[in-house]
Amino acid sequence: MGAVTVVKLERAKEPEHGGQAASGGRRKPGDEEIEQALEQGDRRAAVVLCSRHHGAALGRLCMAMLGSQQDAEDIAQETLIDAHDALATWRGEGSIRGFLMTIARRKCARLVEKRSRRTAKLRLVHDADETPPSDEHPDKQLLLKQRGERARAALAVLRPSEREALLLRYGTGLSFREVGAACGIDEAAARKRVSRAIARLRETLREEESHD
């Protein structure tokens, strides 16, 4: 297990299309290599390949859910470490990416809950007073800040389950079948959950615009 910790996330751009997995989900680039490594009993090689082919998507999901580059990298790394043991019981149900995203999502959710408990004990709200220096025009900087705040506020309105489904679908490119597997629901329910999230986001943004 010690050797697994040296695996680092690959950040290369990934191809967008692949074949079809045996389960009916879309096969992602590199899945065949990973499956071959597992068939040969080489889980360490499989994890290295998971990092290479799915590390960027893991990083995007963790960053979207956690909002911290350091935390995202840590959780993505922990996901790959856990995958070393978890892949021993993987039997090809769904896609490998969906399998990894399920692990990452649960880890992110636990960290978010831990943060919430810590924040409830001690709230230090001073972000608004800490504006980093920038060479951009002040008006442009303010506009970018306002857009970011609106986006975060709109996402915050969503139920946690809706936010997670939305991030899994559009933040990591999972199919609805894979989103369902990661969230523990079926494909139809995943579609409905993402649809509700989008509708709620649009409604929130429209209300924000009407108040301007």
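The values are calculated or read from the model by the stated rules, or taken from the named source; none is laboratory data. Owing to the predicted nature of the structure, the values given are computational and were not obtained by experimental measurement. As a convention, Cβ positions derive from the backbone with ideal geometry for all residues, glycine included, and neighbour counts pool all protein chains shown.
The single condition among (1) assigned to a helix (DSSP H, G or I); (2) at pLDDT 65 or above; (3) closer than 26 Å to ILE103 by Cα that THR119 does not meet is (2).
Only a single criterion out of (1) surrounded by fewer than 18 Cβ atoms within 10 Å (Cβ to Cβ); (2) modelled with pLDDT of 80 or more; (3) in a helix (DSSP H, G or I) is not satisfied by GLY41, namely (3). Residue pairs whose Cβ atoms lie under 6 Å apart, sitting 6 or more positions apart in sequence or on different chains, and linking a residue in the stretch 184-199 that is more than 19 Å from MET101 (Cα to Cα) to a partner that is of a type in the set (Val, Ile, Thr), do not occur here.
Can you go through ALA83, ALA57, ALA46 and tell me which one is among the hydrophobic types (A, V, I, L, M, F, W, C) and either under 11 Å from the mean Cα position of the chain (by Cα) or surrounded by fewer than 19 Cβ atoms within 10 Å (Cβ to Cβ) (or both)? One residue alone meets the criteria, ALA57. Under the condition of being surrounded by fewer than 16 Cβ atoms within 10 Å (Cβ to Cβ) and farther than 17 Å from ALA109 by Cβ, the residues counted in the stretch 170-186 number 2. Scanning the stretch 87-115 for residues that are farther than 14 Å from ILE75 by Cα and among the small types (Gly, Ala, Ser) turns up ALA88, GLY92, GLY94, SER95, GLY98.
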